[in-house]
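Visitor: Mind looking over this structure? Questions follow.
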Amino acid sequence: MKKCLFAFSLIFFLASLGQATTTQDHSKSSAQKAVKTINGEVVSVDSAKNEIVIKDDAGAEVRLMCSKATKVTREGKSIGLTEVKPNEKVTCEAEEASGDWMAKSIRVGSMKTD
């Protein structure tokens, strides 16, 4: 009986240790999302699709998806995505999500210079 109880306790301990390791690995992978800053000029805004297209400094067009969590500002004040117009200068912080780039923040008229 003692051997059976010991074996059950050992199996339970190893199972919980394995679960803790698996949970830790998942949190590491989700924390390692690709993040980038895009400086450029607005090409188009489609508020129905919640997306904005920006031509970056290298001349490449970057399509960013927006969500309710995307913070859009002009001169430090919150504005709606519909208020962003083509040809305006923007600085965007974006994160890769499911193969697309999701805008975390869009600052209108605030090009960073190094």
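Visitor: In segment 63-114, which residues are surrounded by 10 or more Cβ atoms within 10 Å (Cβ to Cβ), in a loop (DSSP other than H, G, I, E, B) and among the basic types (Lys, Arg)?
Guide: Of everything in segment 63-114, just one residue is surrounded by 10 or more Cβ atoms within 10 Å (Cβ to Cβ), in a loop (DSSP other than H, G, I, E, B) and among the basic types (Lys, Arg), namely LYS85.
Visitor: Taking segment 32-52 as the region of interest, how many residues are closer than 12 Å to TRP101 by Cα, β-branched (Val, Ile, Thr) and surrounded by fewer than 16 Cβ atoms within 10 Å (Cβ to Cβ)?
Guide: 2
Visitor: Taking only pairs six or more apart or across chains, which ones have beta-carbon atoms under 6 Å, a first residue in segment 63-89 that is free of Cβ contacts under 8 Å to residues at least 12 places away in the same chain, and a second residue that is among the polar types (S, T, N, Q) and outside any loop (DSSP other than H, G, I, E, B)?
Guide: none
Visitor: Examine segment 10-23 for a residue that is at positive phi and at pLDDT 70 or above, and state whether such a residue exists. Spell out the reasoning first.
Guide: Residues of segment 10-23 at positive phi: none.
No, segment 10-23 contains no residue that is at positive phi and at pLDDT 70 or above.
The values are calculated or read from the model by the stated rules, or taken from the named source; none is laboratory data. Here the structure is a predicted model, which is why all the values come from computation and not from measurement. Neighbour counts are summed over all protein chains in view; Cβ atoms, including those assigned to glycine, are modelled from backbone coordinates with ideal geometry.
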